[in-house]
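*Asks:* Below: one structure in structure tokens.
The values are calculated or read from the model by the stated rules, or taken from the named source; none is laboratory data. It should be emphasised that the depicted structure is a prediction, and the values quoted were computed from it without experimental measurement. Neighbour counts run over all protein chains shown; Cβ positions are idealised from the backbone, glycine included. These accessible areas exclude ligands, DNA and RNA; they are computed on the full protein's heavy atoms, side chains included. Shrake-Rupley method; radii C 1.70, N 1.55, O 1.52, S 1.80 Å.
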Amino acid sequence: MHHHPIRNALTLVPFALALLAPAARGGESEALPPAIGNANAQLLSQFFAQGGASPAVLEYRRKLAEYQAARGAFDAEAGAYWSQISEKRRGRNAKRRSGQQITLDDYVLEQAPLYNGPKRPVNPEPEETPERPQRKPLPVVADLLRAAQDLYQFTPQRPATEAEFKRVYARYALASGLTREQAVRVYAFETGGTGNYDVQAGIEHGGKRAISTAMGYNQLLTTNSVELLAEQGHEFIRALSEKVAHTSGPARKSLEYKLGVLKRMVAHAKSVPDTWSEHEKIGDTAQGWAMHAMVLDIDVGPMLQTHKLLTSVLFARAKGYSRPLSAAELEMMNLTGDGTGLDMVTMPQAMREQVPTSNFFQRGGYERNPVAIRHNTVAKLLAVTDARMDSNSSNGGARELAAAF
């Protein structure tokens, strides 16, 4: 129930009562004419019946009721739709586990309902709003470096130039099984074709504030870094150990120390169950920030960037999908997760043109994603991804990365 401040009503009461008060003339009181008295009594009755509300508040209440009715009807419709999306997804997963073929009947083929009713009106009266917990600031490069120094007494070895990082990344990516097209076009999509190895989401193209911890060519989150160290750490340790074996002098000593730090990070990442939620908990601590600092290192950073994409390639291959993934298909897996992305990738073209993108989202994520709404079938979403890759691949950073391959 909405409570109006008592003081607002009380300021109007004396005026209303004055309308009913007898006029004083010559020291004697006389009654008002009956018509005026009745009108004033009716006015006062309406005043109290409306809770002392002003016309602006009454108009707000009317608009609020309209909004709540429209929104309630939409939420009922949308709730039923998204329940069906979840039910179909569970059905597809069960069929895949049992090796059954997926057909159009396994998807919701109607587009998701979108709210187009009246907006929630603004209350003309001040409202008490619950205090929101203060949002924890997102770490930026300086925070990552500080965490690595505090916890591991380690500073990542950063490249002398951007071109150096690109060369190391290209060499490792090719040796690991990524193609030039996959690496360059995903980079073009993720960074606009201009991002440096330490680019962070939000702090790019003139942005001043980080909007996530996503960093580098393939935009790894802190959780990605923790997860990759847990799952691929053995490969990182093997590759760095090999480099140590072929190095001598002071450079070898520095690499040996880095290898020791990497082993400790991998051990910590492996100390929790191998789930996204557990890795996310670490990623939200100074320990996770220190691990994320490895994205900046000239030796470990290219490996992290490579395996962010390579795990999707290997996942598809393990599920029996042997055809090379196009860059747009790989990006779908990179954006939506391997399982969801593979659902789109394995779909024949005829089905891609009919299946709405809503089948691959949760309701909240879909309603906040204008690209998925505007390009509302799998075929359209892949096409716009390809188009953006085409456009951004002509930018300087993308051309430099292509040359590094």
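*Asks:* How far is helix 222-245 tilted off the main Cα axis of the chain, in degrees rounded to 10, range 0 to 90?
*Replies:* 20
*Asks:* Treating cross-link reach as a plain straight distance, find the lysines whose alpha-carbon is under 17 Å from the alpha-carbon of Lys95, omitting any fewer than eight places away in the same chain.
*Replies:* Of all the lysines, those that pass the test against Lys95 - Cα under 17 Å, at least 8 places apart if same chain - are Lys319.
*Asks:* Helix 162-176 versus the longest principal axis of the chain: what angle, 0 to 90°, nearest 10, using Cα atoms?
*Replies:* 70
*Asks:* Report the label-to-label distance for Ser271 and Gln354 in nanometres (one decimal), using points 7 Å from each Cα along the Cα→Cβ vector.
*Replies:* 5.3
*Asks:* In nm, give the distance between the simple-model label positions of Leu114 and Arg135, each being 7 Å from the Cα along the Cα-to-Cβ direction.
*Replies:* 2.4
*Asks:* Further question on the same structure: Highest GNM mean-square fluctuation, the chain, Cα pairs closer than 10 Å: which of Pro302, Pro113, Pro55?
*Replies:* Top of the fluctuation ranking is Pro55.
*Asks:* State whether segment 144-302 is rounded, prolate or oblate according to the following rule on the C-alpha gyration tensor (a ≥ b ≥ c being the square roots of its eigenvalues): a/c under 1.5 gives rounded; otherwise a/b larger than b/c gives prolate, and the remaining case gives oblate.
*Replies:* rounded
*Asks:* On full extension of the chain, what length is gained from Ala56 through Asp150, given 0.36 nm per residue of separation minus the C-alpha to C-alpha distance?
*Replies:* 28.1 nm
*Asks:* Carbon and sulfur together cover what percent of the accessible area of the chain at a 1.4 Å probe radius?
*Replies:* Answer for the chain: carbon and sulfur cover 55 percent of the accessible area.
*Asks:* Quick check on segment 277-405: what are the equivalent-ellipsoid semi-axes from the Cα gyration tensor, as sqrt(5λ), descending, whole Å?
*Replies:* 27, 20, 16
*Asks:* Counting Lys and Arg as +1 and Asp and Glu as -1, each charge on the Cβ, what is the dipole of the chain about the Cα centre in debye, to the nearest 20?
*Replies:* Rounded to the nearest 20 debye, it is 780 debye.
*Asks:* Leaving out ligands and nucleic acids, note down the accessible area per residue over the chain with a 1.4 angstrom probe, in whole Å².
*Replies:* Result: 54 Å² of accessible area for each residue.
*Asks:* Let me ask something else about it. Picking from Thr285, His246, Val295, whose Cα lies most toward the positive end of the charge dipole for segment 211-299 (charges on Cβ: Lys, Arg +1; Asp, Glu -1)?
*Replies:* His246
*Asks:* Separate question: Using just the helices of the chain, give the 222 nm mean residue ellipticity in deg cm²/dmol: DSSP H runs with n ≥ 4 each add -39,500 (n - 2.57), and the total is spread over all residues, rounded to 500.
*Replies:* -19500 deg cm²/dmol
*Asks:* Next question. Among Gly364, Asn116, Ala70, whose Cα lies farthest out toward the positive end of the dipole of the chain, if unit charges sit on the beta carbon of Lys, Arg (+1) and Asp, Glu (-1)?
*Replies:* Checked the options; the winner is Gly364.
*Asks:* Return one number: the angle in degrees, 0 to 90 and rounded to the nearest 10, between the long axis of the Cα atoms of helix 6-20 and the longest principal axis of the Cα atoms of the chain.
*Replies:* Long axis of 6-20 versus the principal axis of the chain: about 20 degrees.
*Asks:* Now, a different point. How many nm is it between the label spots at Phe315 and Ala403, if each spot is 7 Å from the Cα in line with the beta carbon?
*Replies:* Result: 3.4 nm between the two label points.
*Asks:* Still on this structure, please answer the following. Provide the per-residue ³J(HN,Hα) series for segment 282-291, in order, calculated from phi with Karplus coefficients 6.51, -1.76, 1.60 and θ = phi - 60°, each as a whole number of Hz, with x at glycine and proline positions.
*Replies:* Per-residue couplings from phi come out as 5, x, 8, 10, 4, 4, x, 5, 5, 5 Hz.
*Asks:* Placing +1 on the Cβ of each Lys and Arg and -1 on the Cβ of each Asp and Glu in the chain, which of Gly260, Leu304, Thr103 has its Cα farthest towards the positive end of the resulting dipole?
*Replies:* Final value for the positive-end residue is Gly260.
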